[in-house]
Amino acid sequence: MPLPRKPLVALLLAGTVLAGTVLAACAPQDSASGGSASSAGTAGGCAPGALATRTAGTLTVGTDKPAYDPWFSGDAPENGKGFESAVAYAVAERLGYPREKVRWVVAPFGTATAPGPKDFDFDVNQVSISAERRQAVDFSSGYYDVRQAVIALKGSKAASARSLADLKGAKLGAQVGTTSLEAVTGTIRPTVQPAVFDSNDLAKAALKNGQVEALVVDLPTAFYITGAEVTDAQVVGQLEGAAQGEQFGLVLDKGSKLTGCVSGAVDALRADGTLAKLEKQWLSDAVSAPVLR
């Protein structure tokens, strides 16, 4: 995902507050900020179920509203369905908070990544880890490796592409300053000058009116665009090796003493294969998207 805010979340409506209010932060926490708890919940001050969360005994998790598939299901993060809901509960379990001890609050993307105190212990909302954002918030270890993808209108020549070579002569588009644009110029390397847009909204409009033959966006955004916004478009395929290390991370208050514990939980879930299993379960479309080589 590019350093600027991505469209999947940029297009979501600002949410209203979920039931309940969030209590003010409580006692000082016990884990070093930004570190990695090698054994979350058991060491490094990450006592299971006893972290200094905003509400004692409860882990408060934020996300935007509406909460879209496939990251969530039915706009109901609390149901445990969808990749990010499942990840949040898995992290919570590692930290010693069973499902009934997890509370969800609405956290619009712009608020979640802005400087200042937060209403959540961590936020899960397809936020790419970046140096720029690290100036305002803390991130856990990455829980999802972002890949870039190509979308095109159904039935078009670009939609039939099965390789990078098939896209060489296509008029491609991407948002300026993004890793998507880097994928166009660095991975596809088209012979036709790509179109660069100030926003993905403009890029999508260009796709719909035929100004470009295909767009490159990150894979989750590709599925959102084709599933909800430009339904006569399809995901052509994903780009191998275009991720450039881009990852989604859980967002925490800047300097949060929970960061090390949460990172430790994410690391453990990656090491034991849980994240891979959840990705396969909830992002099967993404996993199965053909790779364009």
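Details
- The lone exception for Ala170 - which of (1) of a type outside the set (Val, Ile, Thr); (2) outside any loop (DSSP other than H, G, I, E, B); (3) at pLDDT 95 or above; (4) over 23 Å from Leu283 (Cα atoms) it fails: (2)
- If only residues of region 244-256 that are assigned to a loop (DSSP other than H, G, I, E, B) and within 27 Å of Thr111 (Cβ to Cβ) are counted, the one that is modelled with the lowest pLDDT is Gly245.
- Which listed residue is more than 21 Å from Val291 (Cβ to Cβ), among the aliphatic types (A, V, I, L, M) and touching a strand residue (DSSP E or B) at 6+ places or on another chain (Cβ under 6 Å), from Val196, Val137, Val146, Val192: Val137
- Every residue from region 83-98 that is open to solvent by less than 10 Å² (accessible area, probe 1.4 Å) and in a helix (DSSP H, G or I): Phe83, Glu84, Ser85, Val87, Ala88, Val91, Ala92
- Qualifying residue in region 15-23 (condition: modelled with pLDDT under 85, in contact with a Ser or Thr (Cβ under 7 Å, 6 or more places away or on another chain) and open to solvent by less than 60 Å² (accessible area, probe 1.4 Å)): yes
- Some residue of region 164-173 being among the aliphatic types (A, V, I, L, M), buried (at least 17 other Cβ atoms within 10 Å of the Cβ) and under 26 Å from Pro66 (Cβ atoms): no
- A Cβ distance below 7 Å, combined with a sequence gap of six or more or placement on separate chains, defines the contacts here; from region 99-113, residues that are free of Cβ contacts under 8 Å to residues at least 12 places away in the same chain reach no residue that is crowded, with 17+ Cβ neighbours inside 10 Å.
- Boolean, Gly62 is open to solvent by 10 Å² or more (accessible area, probe 1.4 Å) and within 14 Å of Arg103 (Cα to Cα): no
- When each of Thr191, Thr187, Thr274 is tested for being under 22 Å from Phe122 (Cα atoms) and among the polar types (S, T, N, Q), the lone residue that passes is Thr274.
- Sole residue being closer than 17 Å to Ser256 by Cα, open to solvent by 20 Å² or more (accessible area, probe 1.4 Å) and in a loop (DSSP other than H, G, I, E, B), chosen from Pro115, Pro70: Pro115
- Val192 meets each of the listed conditions (1) assigned to a helix (DSSP H, G or I); (2) open to solvent by 20 Å² or more (accessible area, probe 1.4 Å) apart from (1).
- Residue count for region 69-88 satisfying the condition of being over 16 Å from the mean Cα position of the chain (by Cα) and of a type outside the set (D, E, K, R): 4.
A quick yes/no check of all residues on (1) open to solvent by less than 10 Å² (accessible area, probe 1.4 Å); (2) of a type outside the set (A, V, I, L, M); (3) assigned to a helix (DSSP H, G or I):
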position: Asp138; (1), (2), (3): no, yes, no
position: Ser141; (1), (2), (3): no, yes, no
position: Ser180; (1), (2), (3): yes, yes, yes
position: Lys204; (1), (2), (3): no, yes, yes
position: Tyr224; (1), (2), (3): no, yes, yes
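- Counting the residues of region 231-243 that are modelled with pLDDT of 95 or more and either acidic (Asp, Glu) or assigned to a loop (DSSP other than H, G, I, E, B) (or both) gives 1.
- Of all residues in region 257-290, those being assigned to a loop (DSSP other than H, G, I, E, B) and modelled with pLDDT under 95 number 4.
- Members of region 122-156 found to be among the charged types (D, E, K, R), at pLDDT 95 or above and either within 10 Å of the chain's Cα centre (by Cα) or closer than 30 Å to Gly210 by Cα (or both), listed by number: Lys154
- Residue pairs meeting the criteria (Cβ under 8 Å; at least 6 apart or on separate chains; first without any contact (Cβ under 8 Å) to a residue 60 or more places away in the chain, in region 255-280; second part of a helix (DSSP H, G or I)): Ala276/Arg270; Lys280/Val287
The values are calculated or read from the model by the stated rules, or taken from the named source; none is laboratory data. These figures come from a predicted structure and were not determined experimentally. Note that each Cβ is placed from the backbone with ideal geometry, even for glycine, and that neighbours are counted across all protein chains shown. What goes into the accessible areas is simple: the full protein's heavy atoms, side chains included, and nothing from ligands, DNA or RNA. Shrake-Rupley method; radii C 1.70, N 1.55, O 1.52, S 1.80 Å.
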